[in-house]
Amino acid sequence: MLTTLVSARLSRGNETKMSDIKPKFVDAHHHLWQPHVLEYGWLRQIGEPKPFGDPTPIQRDYVKDEFWAEAAAEGAIASVHVQADGGLPDPVSESSWIVEQTGKEPGLGVPNAWVGFANLRSKDAEATLAAHAALPGFRGIRQIVARTDAAPDMSFVPMELMQETTWQANFALLAKYGASFDLQLYPDQADDAVALFSRHEDIPIIIDHCGGPYFLFDAAKRDAVPAAEPELSHWADGIWKLSKLPHASIKLSGLGMYHPQWSAQNCRVVFQTILDAFGPSRVMVGSNFPVDKLFKSYADIVSIWNEWLGPLSEGEQSEIRAGAASRAYRLDL
């Protein structure tokens, strides 16, 4: 059904040369924000280093007008907003703001779905989940769990959240609210993730940012070939372990955070490993804008996707561009 739908959209405008028609896709991972409107943490800490580098250029308003102008021009037909700041005193305030954005032009209805934040270590986690679930467009929760002793500067949190009893108990509540979980982790944590999530097949797992290939960071600094990196096999092992979770899918997103000069060539091994492990029906694309705007233009990112997907069949391309995201986030396209 979805393949037919996307193919039909692709066929519109037949008066245009086929080479000029941009493949349609769902941007399954982006952010919008106004630092002066909500009580953000890191977005107001101008210039304070983050695991992905100096955030100063993006610590400004990035609202729907700018995002949709960039995304729609490259073929986006829908999008999924993912929470931007776990430091918000009231994470539901971000969700309410996003719901307001969906009613504005351009791109009425965009974002088509959104993923909120809840601190699953908190005794108030269920109240936050219930408040999110009461708003239209809610699909799931993200709380970043990514940390690694191998690269402390790349860690987002100081502890192993998935090992905590309270966190695990609150994670189980996602099923009650029909919520998925966006998982941002590193390959070191794959065993913990599989052990926990295999007990909760009623909670869809969506792995963000290619499963955290942080080995690319050192490879980029040394101008090395990622395929030759010994850490590649460590990351790949994690990807294959996670792919065995039948309710897990993964995003081709966020590579600029690990390799600022990433390209279709130097990160092809990342794409191919993910495709081989998950298959096209469980792989989706996401711009991670405006974070990845630090490294590439939106058009450049889409061009890389197109180079990777070009050799695949029409059906396989349709799955990666729209099918997997539409199922994972229950989009009505």
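Read-outs: derived from the displayed coordinates by stated rules, not from any lab. What you see is a predicted model, and the numbers here were worked out from it, not measured in a lab. Cβ atoms come from the backbone with ideal geometry, glycine included; neighbour counts cover every protein chain shown.
Quick notes on this structure:
- Note on ASP90 and GLN272: the extension gain reaches 61.6 nm, defined as 0.36 nm multiplied by sequence separation minus the Cα-Cα distance.
- In sequence order, calculated HN-Hα J values of region 219-229 (Karplus, 6.51, -1.76, 1.60; Hz; x Gly/Pro): 4, 5, 5, 9, 6, 8, 8, x, 5, 9, 6
- Rounded to the nearest 5, the antiparallel percentage of DSSP beta bridges internal to the chain is 10%.
- When TRP240, TRP262 are sorted by how many other C-beta atoms sit within 10 angstrom of their C-beta, beginning with the fewest, the order is TRP240, TRP262.
- Cα lying deepest toward the dipole's positive end in region 24-328, options VAL194, ALA328, ILE141, charges on Cβ: ALA328
- Springs between Cα atoms under 10 Å define the GNM used for the chain, and in it the highest mean-square fluctuation of GLN101, GLN59, GLN45 occurs at GLN45.
- Segment THR166-ALA299, length gained on full extension (0.36 nm per residue, minus Cα span): 43.6 nm
- Members of LYS104/LYS251; LYS176/LYS296; LYS176/LYS251; LYS176/LYS293; LYS24/LYS123 lying beyond 32 Å, as alpha-carbon distances in this model show: LYS176/LYS296; LYS176/LYS293; LYS24/LYS123
- Residues GLU307 and LYS176, FRET efficiency given R0 of 30 Å [Cβ-Cβ distance, rounded to 0.05]: 0.10
- Residue with peak Gaussian network fluctuation, the chain [Cα springs, cutoff 10 Å], from PRO89, PRO280, PRO23: PRO89
- Relative contact order of region 138-253, defined on C-alpha pairs under 8 angstrom at six or more residues apart (%): 27 percent
- Dipole magnitude for the chain: about 620 debye, using +1 per Lys or Arg Cβ and -1 per Asp or Glu Cβ, origin at the Cα centre.
- With neighbour counts taken as other beta-carbon atoms within 10 Å, the residues ASP223, ASP237, ASP218 rank, fewest first, as ASP223, ASP237, ASP218.
- Sites GLN261 and ALA73, calculated FRET efficiency, Cβ-Cβ separation with R0 35 Å, nearest 0.05: 0.90
- For ILE144, ILE203, order by how many other beta-carbon atoms lie within 10 Å, fewest first: ILE144, ILE203
- Of the chymotrypsin sites (Phe, Trp or Tyr not before Pro) in region 22-99, those whose Cβ has at most 16 other Cβ within 10 Å and which sit in DSSP loop: TRP42
- Interchain or long-range residues, amide H under 5 Å from LEU183's placed H: ILE206, ILE207, ASP208
- Within a Gaussian network of the chain (alpha carbon springs, distance under 10 Å), most fluctuating of ASP27, ASP90, ASP292: ASP90
- Between LYS104 and GLY109, the built amide H atoms are under 5 Å apart, and every one of these is 5 or more places off in sequence or on another chain.
- Once C-alpha pairs closer than 8 Å and six or more residues apart are averaged by separation and normalised to the residue number of the chain, the relative contact order reads 18 percent.
- Taking amide H as placed 1.01 Å from N in the peptide plane, ARG44 has no amide H partner under 5 Å among residues 5 or more places away or on another chain.
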